[in-house]
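> Below are the C-alpha coordinates for one structure; questions will follow.
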Amino acid sequence: MSNYQEGYLCRCCGKYHDELPMSYGSPVPDYCYDIPSEEQESRIEMNEDLCIIDDEYFFIRGCIEIPVIDGEEPFIWDVWVSLSEVNFNKTNDYWEVEGREQELEPMFGWLSTSIPCYPETINLKTMVHTRSVGVRPYIELEPTDHPLAIEQREGVTVERIKQIAQELCDEEKQ
(Lines give C-alpha, C1' and ligand atoms only; values in the text may rest on other atoms or scores of the structure.)
Protein backbone atom coordinates (compact mmCIF):
# COMPACT_ATOMS: atom_id res chain seq x y z
CA MET A 1 0.00 0.00 0.00
CA SER A 2 1.48 3.32 -1.01
CA ASN A 3 0.94 6.37 1.14
CA TYR A 4 0.52 10.07 0.62
CA GLN A 5 2.65 12.35 2.77
CA GLU A 6 -0.24 14.41 4.10
CA GLY A 7 -1.91 13.05 7.22
CA TYR A 8 -5.48 13.31 8.40
CA LEU A 9 -7.54 13.25 11.58
CA CYS A 10 -9.67 10.11 11.63
CA ARG A 11 -13.21 10.53 12.96
CA CYS A 12 -13.38 6.77 13.44
CA CYS A 13 -10.57 6.34 15.96
CA GLY A 14 -10.07 10.00 16.85
CA LYS A 15 -6.34 9.82 16.08
CA TYR A 16 -4.19 11.73 13.63
CA HIS A 17 -2.64 9.45 11.00
CA ASP A 18 0.65 10.64 9.51
CA GLU A 19 0.05 9.18 6.07
CA LEU A 20 -3.01 8.97 3.88
CA PRO A 21 -3.43 5.53 2.24
CA MET A 22 -3.33 5.86 -1.55
CA SER A 23 -4.31 2.28 -2.34
CA TYR A 24 -6.90 -0.23 -1.19
CA GLY A 25 -7.51 -3.70 -2.48
CA SER A 26 -9.38 -6.94 -2.33
CA PRO A 27 -7.54 -10.24 -1.74
CA VAL A 28 -9.97 -12.32 -3.85
CA PRO A 29 -12.78 -11.83 -6.40
CA ASP A 30 -16.04 -11.25 -4.54
CA TYR A 31 -17.45 -14.50 -5.96
CA CYS A 32 -15.05 -16.41 -3.68
CA TYR A 33 -17.07 -15.19 -0.69
CA ASP A 34 -20.12 -17.09 -2.00
CA ILE A 35 -18.30 -20.42 -1.78
CA PRO A 36 -18.53 -22.19 1.59
CA SER A 37 -15.12 -22.30 3.29
CA GLU A 38 -15.06 -26.10 3.33
CA GLU A 39 -15.42 -26.13 -0.49
CA GLN A 40 -12.97 -23.35 -1.33
CA GLU A 41 -9.85 -25.51 -1.57
CA SER A 42 -11.44 -27.84 -4.13
CA ARG A 43 -13.23 -25.12 -6.14
CA ILE A 44 -10.78 -22.18 -6.18
CA GLU A 45 -7.37 -22.19 -7.83
CA MET A 46 -5.48 -18.93 -7.42
CA ASN A 47 -2.30 -16.98 -6.85
CA GLU A 48 -1.84 -13.27 -6.13
CA ASP A 49 -2.89 -12.22 -9.63
CA LEU A 50 -4.98 -14.94 -11.25
CA CYS A 51 -8.00 -16.94 -10.08
CA ILE A 52 -10.12 -19.76 -11.48
CA ILE A 53 -13.35 -20.83 -9.81
CA ASP A 54 -14.92 -24.21 -10.65
CA ASP A 55 -12.73 -24.46 -13.81
CA GLU A 56 -15.38 -22.15 -15.31
CA TYR A 57 -14.88 -18.57 -14.09
CA PHE A 58 -11.63 -16.72 -14.75
CA PHE A 59 -10.31 -13.60 -13.02
CA ILE A 60 -7.30 -11.31 -13.17
CA ARG A 61 -6.18 -8.74 -10.62
CA GLY A 62 -5.58 -5.20 -11.81
CA CYS A 63 -5.56 -1.54 -10.84
CA ILE A 64 -8.19 1.12 -11.27
CA GLU A 65 -6.04 4.25 -11.17
CA ILE A 66 -7.69 7.53 -10.32
CA PRO A 67 -5.80 10.77 -10.96
CA VAL A 68 -5.38 12.98 -7.89
CA ILE A 69 -5.98 16.56 -9.00
CA ASP A 70 -4.01 18.15 -6.17
CA GLY A 71 -1.53 15.30 -5.63
CA GLU A 72 1.48 13.71 -7.28
CA GLU A 73 0.50 10.06 -7.61
CA PRO A 74 -2.74 8.27 -8.52
CA PHE A 75 -5.14 6.78 -6.03
CA ILE A 76 -5.51 3.04 -6.72
CA TRP A 77 -8.24 0.48 -6.22
CA ASP A 78 -6.69 -3.00 -6.50
CA VAL A 79 -9.53 -5.06 -8.02
CA TRP A 80 -10.45 -8.33 -9.73
CA VAL A 81 -11.97 -8.53 -13.20
CA SER A 82 -13.50 -11.56 -14.89
CA LEU A 83 -12.17 -12.54 -18.30
CA SER A 84 -13.39 -14.98 -20.91
CA GLU A 85 -11.58 -18.32 -20.85
CA VAL A 86 -9.89 -17.46 -24.18
CA ASN A 87 -8.55 -14.12 -22.88
CA PHE A 88 -7.55 -15.66 -19.56
CA ASN A 89 -5.56 -18.37 -21.33
CA LYS A 90 -3.95 -15.81 -23.64
CA THR A 91 -2.98 -13.72 -20.60
CA ASN A 92 -1.57 -16.81 -18.88
CA ASP A 93 0.43 -17.75 -22.01
CA TYR A 94 2.08 -14.30 -22.05
CA TRP A 95 2.41 -13.94 -18.26
CA GLU A 96 6.25 -13.98 -18.18
CA VAL A 97 6.88 -12.75 -21.75
CA GLU A 98 8.84 -9.49 -21.96
CA GLY A 99 6.99 -7.04 -24.20
CA ARG A 100 3.65 -8.73 -23.55
CA GLU A 101 1.98 -5.32 -23.37
CA GLN A 102 2.75 -4.94 -27.11
CA GLU A 103 1.33 -8.38 -27.93
CA LEU A 104 -1.97 -8.35 -26.04
CA GLU A 105 -4.82 -6.10 -27.11
CA PRO A 106 -7.05 -4.65 -24.35
CA MET A 107 -9.55 -7.29 -23.21
CA PHE A 108 -13.15 -6.92 -22.10
CA GLY A 109 -13.98 -7.90 -18.54
CA TRP A 110 -16.56 -7.47 -15.80
CA LEU A 111 -15.50 -5.83 -12.54
CA SER A 112 -15.67 -8.56 -9.88
CA THR A 113 -14.92 -6.53 -6.77
CA SER A 114 -17.51 -4.66 -4.76
CA ILE A 115 -15.80 -1.40 -3.87
CA PRO A 116 -17.01 0.35 -0.71
CA CYS A 117 -17.87 4.07 -0.87
CA TYR A 118 -19.70 3.70 -4.20
CA PRO A 119 -22.99 2.36 -5.51
CA GLU A 120 -22.56 -1.33 -6.47
CA THR A 121 -19.52 -1.88 -8.67
CA ILE A 122 -19.88 -5.61 -9.38
CA ASN A 123 -20.32 -6.18 -13.12
CA LEU A 124 -19.28 -2.73 -14.29
CA LYS A 125 -17.87 -3.10 -17.81
CA THR A 126 -14.09 -2.77 -18.09
CA MET A 127 -11.19 -3.04 -20.48
CA VAL A 128 -8.08 -4.78 -19.13
CA HIS A 129 -4.83 -3.26 -20.42
CA THR A 130 -1.80 -5.53 -20.03
CA ARG A 131 1.36 -3.82 -18.79
CA SER A 132 4.96 -4.96 -18.57
CA VAL A 133 5.92 -8.13 -16.68
CA GLY A 134 5.62 -7.55 -12.94
CA VAL A 135 3.09 -4.70 -13.26
CA ARG A 136 -0.59 -5.43 -12.72
CA PRO A 137 -2.93 -4.57 -15.59
CA TYR A 138 -4.56 -1.18 -15.85
CA ILE A 139 -8.34 -1.48 -15.53
CA GLU A 140 -10.28 1.06 -17.55
CA LEU A 141 -13.94 1.44 -16.65
CA GLU A 142 -16.55 1.95 -19.33
CA PRO A 143 -17.17 5.73 -19.43
CA THR A 144 -20.59 5.78 -17.78
CA ASP A 145 -22.19 8.04 -15.19
CA HIS A 146 -21.23 5.64 -12.35
CA PRO A 147 -19.36 7.72 -9.70
CA LEU A 148 -16.28 5.47 -9.89
CA ALA A 149 -16.10 5.83 -13.68
CA ILE A 150 -16.49 9.60 -13.35
CA GLU A 151 -13.68 9.74 -10.78
CA GLN A 152 -11.42 7.68 -13.05
CA ARG A 153 -12.04 10.13 -15.92
CA GLU A 154 -12.03 13.40 -13.98
CA GLY A 155 -9.85 12.67 -10.95
CA VAL A 156 -10.35 13.30 -7.25
CA THR A 157 -8.93 15.62 -4.63
CA VAL A 158 -6.89 14.67 -1.58
CA GLU A 159 -9.97 15.64 0.43
CA ARG A 160 -11.98 12.93 -1.36
CA ILE A 161 -9.28 10.37 -0.54
CA LYS A 162 -9.53 11.40 3.12
CA GLN A 163 -13.30 10.87 2.88
CA ILE A 164 -12.73 7.36 1.45
CA ALA A 165 -10.28 6.53 4.26
CA GLN A 166 -12.86 7.69 6.78
CA GLU A 167 -15.69 5.68 5.19
CA LEU A 168 -13.56 2.53 5.11
CA CYS A 169 -12.60 3.01 8.75
CA ASP A 170 -16.25 3.50 9.72
CA GLU A 171 -17.18 0.34 7.78
CA GLU A 172 -14.49 -1.72 9.56
CA LYS A 173 -15.93 -0.74 12.95
CA GLN A 174 -19.39 -2.08 12.04
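The values are calculated or read from the model by the stated rules, or taken from the named source; none is laboratory data. Just so it is clear, the structure is predicted and the values come from calculations on it, not from any experiment. All Cβ positions, glycine included, derive from the backbone under ideal geometry; neighbour counts span all protein chains shown. Remember, those area values only see protein heavy atoms, side chains included, never the ligands or the DNA or RNA. Shrake-Rupley method; radii C 1.70, N 1.55, O 1.52, S 1.80 Å.
> Provide a single number: the residues in the stretch 49-76 that are closer than 18 Å to residue 33 by Cβ and either assigned to a loop (DSSP other than H, G, I, E, B) or free of Cβ contacts under 8 Å to residues at least 24 places away in the same chain (or both).
Looking only at that region, the number is 2.
Rundown of residues vs (1) surrounded by fewer than 12 Cβ atoms within 10 Å (Cβ to Cβ); (2) on the phi > 0 side of the Ramachandran plot; (3) among the β-branched types (Val, Ile, Thr), yes/no style:
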site: 68; (1), (2), (3): no, no, yes
site: 76; (1), (2), (3): no, no, yes
site: 98; (1), (2), (3): yes, no, no
site: 101; (1), (2), (3): no, no, no
site: 107; (1), (2), (3): no, no, no
site: 113; (1), (2), (3): no, no, yes
site: 117; (1), (2), (3): no, yes, no
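> Continuing with this model, one more query. Return yes or no: is residue 122 of a type outside the set (Lys, Arg), within 19 Å of residue 74 (Cα to Cα) and within 17 Å of the chain's Cα centre (by Cα)?
When the stated conditions are applied, residue 122 does not pass them.
> Filtering the stretch 129-167 down to residues that are modelled with pLDDT under 95 and open to solvent by less than 20 Å² (accessible area, probe 1.4 Å), which residue is farthest from residue 65 (Cα to Cα)?
The qualifying residue farthest from residue 65 (Cα to Cα) is 166.
> Going through the stretch 106-153 one residue at a time, which ones are part of a helix (DSSP H, G or I) and in contact (Cβ under 8 Å) with a residue 24 or more places away in the chain?
147, 148, 149, 151, 152
> While we're looking at this one, here's another question. Residue 88 - would you say it is under 20 Å from the mean Cα position of the chain (by Cα), within 15 Å of residue 137 (Cα to Cα) and not in a helix (DSSP H, G or I)?
no
> Any residue that is closer than 22 Å to residue 19 by Cβ and either open to solvent by less than 60 Å² (accessible area, probe 1.4 Å) or in contact with a Cys (Cβ under 7 Å, 6 or more places away or on another chain) (or both) - is there at least one of those in the stretch 121-128?
Looking for residues that are closer than 22 Å to residue 19 by Cβ and either open to solvent by less than 60 Å² (accessible area, probe 1.4 Å) or in contact with a Cys (Cβ under 7 Å, 6 or more places away or on another chain) (or both), one finds none in the stretch 121-128, hence no.
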